[in-house]
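Below is one structure, written out as structure tokens; the observations come after it.
The values are calculated or read from the model by the stated rules, or taken from the named source; none is laboratory data. None of these values were measured; they are calculated from a predicted model. Please note: Cβ atoms are built from the backbone with ideal geometry, for glycine as well, and neighbour counts cover all protein chains shown. Heavy atoms of the whole protein, side chains included, go into the accessibility calculation; ligands, DNA and RNA do not. Shrake-Rupley method; radii C 1.70, N 1.55, O 1.52, S 1.80 Å.
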Amino acid sequence: MRKPNINNEKIKRKFIKRLREAEGLADSTIYKIEQAIFLYEDFTENSDFKTYNPDKAITFKNWLKKRKFNEKPISISTRHSYLRNLKKFFLWLSSEPGYINKIPLDSVAYLRLRLKDEKIATQYVPKDFPTREYVKKLVSSIEINSEVDQRDRAIISFTFLTGMRDSAIVTLPLACFDEENLTVEQDPGRVHTKFSKYIFSIVFNFDNEMLNDVIRWKKHLVGKGFGMQTPLFPRSKLEHQKDGLCFETATEVESVFWKNTGRIRAIFEKRAEDAELPYYAPHTFRHLTIYVALQYCRNFIQLKGLSQSFGHEDIITTLRIYANFSRQQLKQILGSMDFSGEPPETLEEKIDRIDKLLRESKKLP
């Protein structure tokens, strides 16, 4: 094992302190930046950061391209992310005392992919997501023989009916879900939301049975004596053994939040396997929720409200990322088009109508 470079460790500590205290970045973001720096140090065998130069940047990019993780090459998007984070570090470093004359600002520009590769790395690829029929079948396949069964039905139903991110769902207290008005208050002081946004969400009544699963679950926890600040979806109860080890039971829950989103993904995967269905990650349910809700929007006021309910700052985010069809849906939609006869309106008329709608949307508050 190589000895750490003391100078590198000191300047890294200063940089991390700045990211956390001056820029206010989250620990998860800082961790990704640290990963990029660690990779560079691995490549240089812990040589001093002062030895950085354009040739070393180019060699590092080629090294990164050949590197494998789990016996697979690192994806182009991941390489783009590493280089972007490493560039942030060296940009800062180039203005630090002792490094200004060693790392010219222009040399940092070499930490990037070629334009063609950058476009590939940053382009959005529409995700495949489940159908309403899939969710219905998955939820219905869970027979309630225990408290955990009841929770799992409720959490899958809730994910579909709200479209919330799994990180928010696992940190959501009972108090934030109003079962009377079918609303969810995602307060970043209590709930882990993206970019710590305050989000007021609606629970969409896409399915009465699934909605009842969620409402019954909250009432069950309240009746059991769970307080309003305890989790809406608590972890399975831990059983302690004589040897000091512990494990989750398969029948009961306890009023403790999960530490991360790993368990919710495990629930979705296990229930899909039990139902002999393909596995869809919880976040893909968000795509389905938005896709279904968009179909019922009748005007831009509703579209704006829908976008806000999902925590998007503008309508374009909702449409650009979540209004994309999966490959199967795109094939179905375009395959069903009837090209016989005259089109319902000319292209000019269609463009004019869309232009008026877009101008109307800009007038919204």
- Message: Tell me whether the chain comes out rounded, prolate or oblate; compute the Cα gyration tensor, take square roots of the eigenvalues as a ≥ b ≥ c, and use a/c under 1.5 as the rounded threshold.
- Response: oblate
- Item | Contour excess over end-to-end distance, with Cα ends at Met337 and Arg190 and 0.36 nm allotted per residue | 48.2 nm
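Would you please give the FRET efficiency between Arg13 and Ser75, computed as 1/(1 + (r/R0)^6) with r the Cβ-Cβ distance and R0 = 41 Å, to the nearest 0.05?
Plugging the Cβ-Cβ distance into 1/(1 + (r/R0)^6) gives 0.85.
With +1 on each Lys and Arg Cβ and -1 on each Asp and Glu Cβ, and nothing else charged, work out how big the dipole of the range 12-94 is about its Cα centre, in Debye to the nearest 20.
200
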- Message: How much accessible area per residue does the chain have, counting only protein heavy atoms and a probe of 1.4 Å, in square angstrom?
- Response: 60
- Size of the dipole of the chain about the Cα centre, Lys and Arg at +1 and Asp and Glu at -1 on the beta carbon, nothing else charged, in debye to 20? 1740
- Task: Label the range 59-208 by shape, choosing from rounded, prolate and oblate, from the square roots a ≥ b ≥ c of the eigenvalues of the Cα gyration tensor; if a/c is under 1.5 it is rounded, and otherwise prolate applies when a/b is larger than b/c, oblate when it is not.
- Result: prolate
- Given H placed 1.01 Å from N in the peptide plane, which residues other than close sequence neighbours of Trp258 have an amide H under 5 Å from its amide H? Arg235
- Item | Fully extended contour minus Cα-Cα distance, from Ala281 to Lys32, at 0.36 nm per residue | 87.4 nm
- For the range 138-209 the mean separation of alpha carbon contacts under 8 Å (6+ apart) over residue count, i.e. relative contact order in percent, is 25
- Query: Given Lys87/Lys197; Lys32/Lys237; Lys136/Lys194; Lys61/Lys87, which pairs have Cα atoms separated by over 23 Å?
  - Reply: Lys87/Lys197; Lys32/Lys237; Lys136/Lys194
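For the range 53-127, just say rounded, prolate or oblate: build the C-alpha gyration tensor, square-root its eigenvalues into a ≥ b ≥ c, call rounded for a/c under 1.5, and beyond that prolate if a/b exceeds b/c, oblate if not.
Details: a/c = 2.49, a/b = 1.87, b/c = 1.33.
It is prolate, given that a/c is not under 1.5 and a/b is the larger ratio.
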- Message: Given contacts defined as C-alpha pairs under 8 Å and at least six residues apart, what's the relative contact order of the chain, whole-number percent?
- Response: 14
- At a Förster distance of 25 Å, what's the computed FRET efficiency of Asp274 paired with Glu133, Cβ-Cβ distance as r, to 0.05? 0.90
- Message: Students often forget the sequence filter, so: which aspartates and glutamates lie under 17 Å Cα-Cα from Lys12 once same-chain residues fewer than 8 apart are removed?
- Response: Glu21, Glu23, Asp27, Glu34, Glu41, Asp42, Glu45, Asp48, Glu96
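Mean residue ellipticity at 222 nm from the helices of the chain, using -39,500 (n - 2.57) per DSSP H segment of n ≥ 4 over the full residue count, to the nearest 500 deg cm²/dmol?
One gets -15500 deg cm²/dmol as the mean residue ellipticity at 222 nm.
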- Could you work out the relative contact order of the range 58-128, using alpha carbon pairs under 8 angstrom and six or more residues apart, expressed as a whole percent? 33
- Task: Show me 19-25, 132-138 ranked by packing, highest mean number of other Cβ atoms within 10 Å first.
- Result: 132-138, 19-25
- Distance in nm between label sites at Asp117 and Ile351, each 7 Å beyond Cα in the beta-carbon direction? 3.8
